[in-house]
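Everything on this sheet refers to the single structure shown next.
What follows draws every value from the coordinates through simple rules; no lab data is involved. On a predicted model such as this, the values are computed, not experimentally measured, just so you know. Don't worry about glycine lacking a Cβ; one is built from the backbone with ideal geometry, like all the others, and counts go over all protein chains shown.
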Amino acid sequence: MELFEEQGFDDTTAVQIAKRARVTTRTFFRYFTDKQEVLFAEENVLHTTLVEEIRQATNVAEPLQLVTQILAQFDWEGLASRDSLRRREAMIASTSYLRERELIKQHEMAEAFSSALQERGIDPEAAGLAAHIGAHVFRTAYRHWVEGDDNDDLASMTGNVLSCLAAIVPANKSSARRKVSTRTAPEKRVSKFAKTARPSHPADRRVKQR
């Protein structure tokens, strides 16, 4: 990170990174495909850990809350100090192709969350929405947390973003009490978005009366 900040990301080469780390260039490429991956070194372990948390969760009835809770309760400062996380965010934000790579990795993570939720029996549509919306909710809270004071609590900030989401997308009173259903049999499902049944045609009613 220091080398990127000293010289700029674009002007820093893999050879220079290897030299600063006191390893050979060959050793560097054994662990990283390119210099961009240095900023995402923990992604694979992080991916595996968080997805496993979903698989082992005791209750998946509220998948959106589950996704945000797992992300918010992870020990992010166990990966690096708050200052290092803040500097990493700034480096990524300043470089377009790093932002693109981060978005790709975030999408892959959300897709893995969705698959894990489906493994637990959550309907695919609900699983996908919970995974992607939950990841976005968390990222919003995470950015505020990284940029904020060291005493800020990430879990509380994530809850605030969820409350904001609930305020702009109010739930229907009758449906708000329903839990997300799990699949118990491979039966044909009707899309959740098709809530209104098609009115029967008068001719159909005449046939039934016969």
Using the Kirkwood formula on alpha carbons, the hydrodynamic radius of the range 73-149 in angstrom works out to 13.8
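Grab the Cα-Cα distance for K105 and E42, subtract it from 0.36 nm times how many residues apart they are, and report the gain in nm with one decimal. Walk me through the intermediate numbers first.
On the way: separation 63, 0.36 × 63 = 22.68 nm, distance 1.15 nm.
Here the answer is 21.5 nm.
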Can you tell me the length gained on complete extension of the stretch T33 to Y97, counting 0.36 nm per residue apart and subtracting the Cα distance?
21.5 nm
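For the range 1-74, which trypsin sites (Lys or Arg not before Pro) pass both filters: DSSP loop (anything but H, G, I, E, B) and at most 10 other C-beta atoms within 10 Å?
Those that pass, being in a loop and sparsely packed, are R22.
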